[in-house]
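One structure is given here, and the rest of the page talks about it.
The values are calculated or read from the model by the stated rules, or taken from the named source; none is laboratory data. For clarity, every value in this text was computed on a predicted model and none was experimentally measured. Cβ placement follows ideal geometry from the backbone for every residue including glycine, while neighbour counts extend to all protein chains displayed. Calculation scope for accessible area: heavy atoms of the full protein, side chains included, ligands and nucleic acids excluded. Shrake-Rupley method; radii C 1.70, N 1.55, O 1.52, S 1.80 Å.
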Amino acid sequence: MSWRPTHAQVRAVSLAAVLLLIAVLGRRPDMAVLGLPLAFVAAWGRYLRPHEEPVLESELDADVLFEGQATTYRLKVSEALDPDIDLVVMSLVRTPWFRYDPPQAAVAESVADGAVTVEVGVRSERWGLRQLEHPTVIATSVLGGYRVQVKAAEALAVSTLPLRDGFEAVDAVPRPAGLVGLHRSRRPGEGTELAGVRPFRTGDRLRRINWKVSARTRELHVTSTWSDRDTEVVILLDTGAEVGISEGIDGRSSSLDTAVRAAASIAEHYLRHGDRVRLIDTGTAAGGVRAGSGRAHLRRILDVLVHADRRGRQQDEYQLARRHRIRSDSLVLVLSPLLRQGILGYIVTLVHSGCTVIAVDTLPPDVADVIDLEQHDARTWPLAWRLRLLERRAELDRLGDLGVPTVGWRGAGTLDEVLRDAARVSAAPRMRS
C-alpha cells in the first residue's frame, strides 16, 4: 500500500485543468480566476505528500476476562510519523459478543507530537475464545490530498471465562472417601466434629484425653471425632446440543450457556471446600480435566470450559464408558438438557457402576417460544414439541426410578435438597448378596 490521491485531490486537479483550459481557449479570464486557486491547492497538496507509511500497533490491558467484564483496547500509530500526516481515522470492526465504548463505528484523531493513540473500551458479553478483529486505519496528509491504508495489526485473542453464579450447596456429600477434606465422614478419626467420649485405647493421642470424664470415672477416656474427608466430584458437561437462544450475559441463555456457567460455579464451590473436581466434556474424545484440587485446578477447568462447543464430535454412551473411567464412590453431576439418548444411556451405566448421579436439567423454560418457525412447520411444530417433552418426561421418570434425581439449575441452593437425600440414602445400611 502507498500514498494515493484522495477523491478531493482528483476533483481539484480535474476541475482546475478544465477551468484553465476554458480560460485559455475561450479567452475567459474569469475562468482563470476560478481555476488558479484550485490549481494552487492541488499543487500544495502534492508538495506536502508524505513519503513514509505509518505502522499500527494494538494491545489490550487484559486478554483474559469474565463475562460482562471490560478492558481497554489501545491502538497506537508509530511515534516516528511523517510530519505531513494530518489525520488518522480508525474504523472499528463489529465483532460478535464484543461491545465498544464509545459505540460509534469510526474514531478520528489529529496527529499531535508525532504520535496517535486511541483508547476504546471493549466489553465481552459471552464466554469463549475469540479474535478481536483489527480496525481499518486510514491516514491522510495535510489538506486531505493523499491517503494510505495502514497495514493491519494482528488480531488479538481474547479469552472470556464463564461467569460464576455464586453457587453454594450444603456441606453434605454421599460418600466422602479421600484422606483429607472438609466433609464429615461416617468414620471416626482426626476431625473437628464431636463423635462422643470413649475409653482410652492404645494409639490415642494424649491431647484427646477428656480429663473431666477420666477424673469422674477414674479411667482414661478420650474425646473421639468424626474424620473430615473429601470426595471426587465429576462434572459431566453435555455439549451435544445447544437449545435456545444465547443473548450474552445480559440476555437469555441457551442450554449450553447455562451448563457452562453451572459447571464453573460447581467447580469453584467444591474446590473451595477442598474436594477433588474432574471435568468431562462429551464433545471431545481426549478433552476434560483430570481430578485435582486447588485454585490452579480451577483455572485449568475454566480454560477448558472456554473451548466447550456444540460443534465438537460427540461421543455415545459406549465411547464415554470406555474412555472415561469413574470411581464408584464419586459424585457425578450431569449438566445436560437431557434430550440425547447417548447421555441418558450413560447415566444408566454410571448408576449400575455404583456412582451417585445427579442430573441437572439445563433446558431453558421458554425454549418453545424461541424456536425458529421458519425452519419448521408452524402447524405441526407445537404438537411435535409437546410429544417430545412427554417422551422426555417419561425418560426422566425412569431415571428417577433408578435413583437419579433431576433438578433444574437455578443458581445457589440448586443441589441442597438432592444432596441431603443422597447423603441420607448412602448412610442407610445396604444388603449385600
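Per residue, the range 232-426 exposes an accessible area of 47 Å² to a 1.4 Å probe, with every protein chain left in place. The calculated FRET efficiency for Arg392 paired with Arg295, based on their beta-carbon distance and R0 = 45 Å, is about 0.75.
Over the range 56-161, with the other protein chains present, what is the accessible area per residue in square angstrom, probe 1.4 angstrom?
Accessible area per residue, the range 56-161: 47 Å².
From the C-alpha gyration tensor of the range 4-47, pull out the three semi-axes of the equivalent ellipsoid (sqrt of 5λ each), sorted largest to smallest, in whole Å.
After diagonalising the Cα gyration tensor, the semi-axes are 21, 9, 6 Å.
Taken per residue, the accessible surface of the range 4-47 reaches 74 Å², heavy atoms only and a 1.4 Å probe. Here the range 56-161 is treated with +1 on each Lys and Arg Cβ and -1 on each Asp and Glu Cβ, and its dipole about the Cα centre works out to around 480 debye. Here is the list for the range 1-100: trypsin sites (Lys or Arg not before Pro) lying in DSSP coil, each with at most 12 other C-beta atoms within 10 angstrom of its C-beta, are Arg27, Arg94.
Protection proxy ranking for 329-335, 201-207, 414-420, using the average of other Cβ atoms within 10 Å per residue and placing the highest first: 329-335, 414-420, 201-207. One decimal place: the segment Arg11-Ser110 gains 33.3 nm when fully extended, by the rule 0.36 nm per residue minus the C-alpha distance.
When the inverse distances between all different Cα atoms of the range 56-161 are averaged and flipped, the Kirkwood radius reads 14.4 angstrom.
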